[in-house]
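Only one structure is covered here, and it is reproduced in the block below.
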């Protein structure tokens, strides 16, 4: 696997490959929480995308991370930011409404967990079984990964500045 991820210091198992910058972004199919429409990798082709994988929006770190990316999105007009979890679309939509999230596209991987498997973040076993491990992927206009961060401790926030710098560079900003 090549990645070591913990939850409060305890090792957890994640399914899927360890992706690296410079490789092609794997395909995925997600449900957009606002209207339950399908969103795929091809949907965003031609745009830079920040894919923020989180365990659940109903947790403090995921809440904080998504709010931060919502603020940053205002400064990145040529970048789409997706927050992805295995929460049900109804729960995601409710959370986004309560949190005032308007710039980040929140999506669910609950149906097939294809994103989790293909991006190497699907947790297998333990208390977070079928949730996603925290990670950030920046995908350029040609569907190539230009930044990958698997956050080693699920309870920690990602390196926002590194992800945002990669997104700005890919967008030519």
Completion exercise
Ordered by fewest other Cβ atoms within 10 Å, a rough proxy for footprinting exposure, 106, 96, 62 read 96, 62, 106
Completion exercise
For the pair residue 47 and residue 141, the simple spin-label estimate (label points 7 Å beyond Cα toward Cβ) gives in nm 1.4 nm
Problem - Theoretical gain in end-to-end length, residue 78 to residue 112 [0.36 nm per residue, Cα-Cα removed] - result: 9.3 nm
Practice task
Would you mind computing Rg(Cα) / (2.2 N^0.38 Å) for segment 5-171, counting N as its residues?
Solution key: 0.92
Problem - Sorted by Cβ density within 10 Å, fewest first, the residues 119, 150 - result: 150, 119
Practice task
Please give the contour-minus-distance gain from residue 169 to residue 67: 0.36 nm per residue of separation, less the Cα-Cα distance, rounded to one decimal in nm.
Solution key: 34.5 nm
Problem - Sorted by Cβ neighbour density within 10 Å, fewest at the top, the residues 160, 82 - result: 160, 82
Practice task
Considering only DSSP beta bridges where both residues belong to segment 1-115, give the percentage that are antiparallel (nearest 5).
Solution key: 45 percent
Problem - Estimated FRET transfer efficiency when R0 is 22 angstrom, pair residue 59-residue 36 (beta carbons, to 0.05) - result: 0.45
Completion exercise
From DSSP H assignment alone, runs of 4+ in the chain each adding -39500 (n - 2.57), the sum over residues rounded to the nearest 500 puts [θ] at 222 nm at -7000 deg cm²/dmol
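Bear in mind that the values in this text are calculations on the coordinates, not laboratory data. Note that the coordinates shown come from a computational prediction; the quantities given were computed from them, not determined experimentally. Note that each Cβ is placed from the backbone with ideal geometry, even for glycine, and that neighbours are counted across all protein chains shown.
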